[in-house]
């Protein structure tokens, strides 16, 4: 015989179990529906892209103006760079004469100073203490009227002795000496901080910069803010150091030097410098902020200077 109380408790437990089971089943169904329709879709695993190949190192710049192959065949071995002064002096003495070499050439570190100066000519400054030539005698000659100071034509006469030597130079014979000594120039150029660069290319760049020197006629105004004179016109003062030197030497001397440089350039390159074609019409000069037109160079200037490379070491030379 069943105990009624016990039967009631058993019935209650059965109902509680079934209700609990129903709640668990309902929760499971709800969770399944959520993940089926509402849960965010998981992202696929990131694919690791193949490692991109590293770009190849840029090739070394091609030599633009190689010296003739025959010039590299030395009949007599050259001395080490630090012991090369005697052979350089002897080579130049055979071309220019011993008196001229003794008078104008700085007798030590000739190759190194020559390379540094060539490298600096297209730049803003040239290290005066590293020039291979002796300083020009005398001070800068000027004409003063009131507050105006101009470069005197007498200044051009300071270079008369040097110009006599320049006129006597045979550019082809000079090129022969240059070719024979070229390994020394190349070594000094690389030691200067240009490994893998070709000195003859830099030589041609320096010559081209000098050939682009403006032909300035008439009085040239000067200022003296500190110790040395400077060109009053900022466009002239901004020219490369080599171009300013030719202007200080005067148009006649500059013309003679340019002619010798053209012949020397033709002797050390496969192609002579190309003359710029005559323009069909003159372009309009640039305008300033006020709208007024300004000339890029002073009155009488006939050429446009080339852009100088980065600044070198050394102090700027006076006019």
Of the residues in region 116-153 that are surrounded by 13 or more Cβ atoms within 10 Å (Cβ to Cβ) and more than 23 Å from residue 238 (Cα to Cα), the one that is nearest to the chain's Cα centre (by Cα) is 132
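Results for (1) in contact (Cβ under 8 Å) with a residue 12 or more places away in the chain; (2) assigned to a helix (DSSP H, G or I); (3) under 15 Å from residue 246 (Cβ atoms); (4) out of contact with any helix residue (DSSP H, G or I) (no Cβ under 8 Å at 6 or more places or on another chain), shown as yes or no for each residue.
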site: 139; (1), (2), (3), (4): no, no, no, yes
site: 173; (1), (2), (3), (4): yes, yes, no, no
site: 178; (1), (2), (3), (4): yes, yes, no, no
site: 184; (1), (2), (3), (4): yes, yes, no, no
site: 187; (1), (2), (3), (4): yes, yes, no, no
site: 209; (1), (2), (3), (4): yes, yes, yes, no
Take residue 126 and tell me if it is in a loop (DSSP other than H, G, I, E, B) and in contact (Cβ under 8 Å) with a residue 12 or more places away in the chain.
yes
Given (1) assigned to a loop (DSSP other than H, G, I, E, B); (2) loosely packed, with under 15 Cβ neighbours inside 10 Å; (3) out of contact with any helix residue (DSSP H, G or I) (no Cβ under 7 Å at 6 or more places or on another chain), residue 239 misses just (2)
Hey, among the residues in region 198-217 that are surrounded by fewer than 22 Cβ atoms within 10 Å (Cβ to Cβ) and at pLDDT below 95, which one's nearest to the chain's Cα centre (by Cα)?
215
Residue 118 is checked against (1) under 23 Å from residue 252 (Cα atoms); (2) modelled with pLDDT of 95 or more; (3) part of a loop (DSSP other than H, G, I, E, B) and fails just one. What number does that condition carry?
(3)
Just to be sure before I move on: is residue 102 modelled with pLDDT of 95 or more and surrounded by fewer than 17 Cβ atoms within 10 Å (Cβ to Cβ) in the structure I sent?
yes
Give region 141-166 a look and list any residue that's at negative phi and part of a loop (DSSP other than H, G, I, E, B), or say none.
141, 147, 152
Among (1) modelled with pLDDT under 65; (2) assigned to a loop (DSSP other than H, G, I, E, B); (3) surrounded by 10 or more Cβ atoms within 10 Å (Cβ to Cβ), where does residue 47 come up short?
(3)
Pairs only if they're at least six apart or on different chains, beta carbon under 9 angstrom, first in region 76-97 and free of Cβ contacts under 8 Å to residues at least 24 places away in the same chain, second part of a loop (DSSP other than H, G, I, E, B) and surrounded by 13 or more Cβ atoms within 10 Å (Cβ to Cβ); list them, first residue then second.
82/109; 86/79; 89/107
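The values are calculated or read from the model by the stated rules, or taken from the named source; none is laboratory data. Remember, it's a predicted structure, so these values are computed and weren't measured experimentally. Ideal geometry is used to build each Cβ from the backbone, glycine not excepted, and the neighbour counts take in all protein chains shown.
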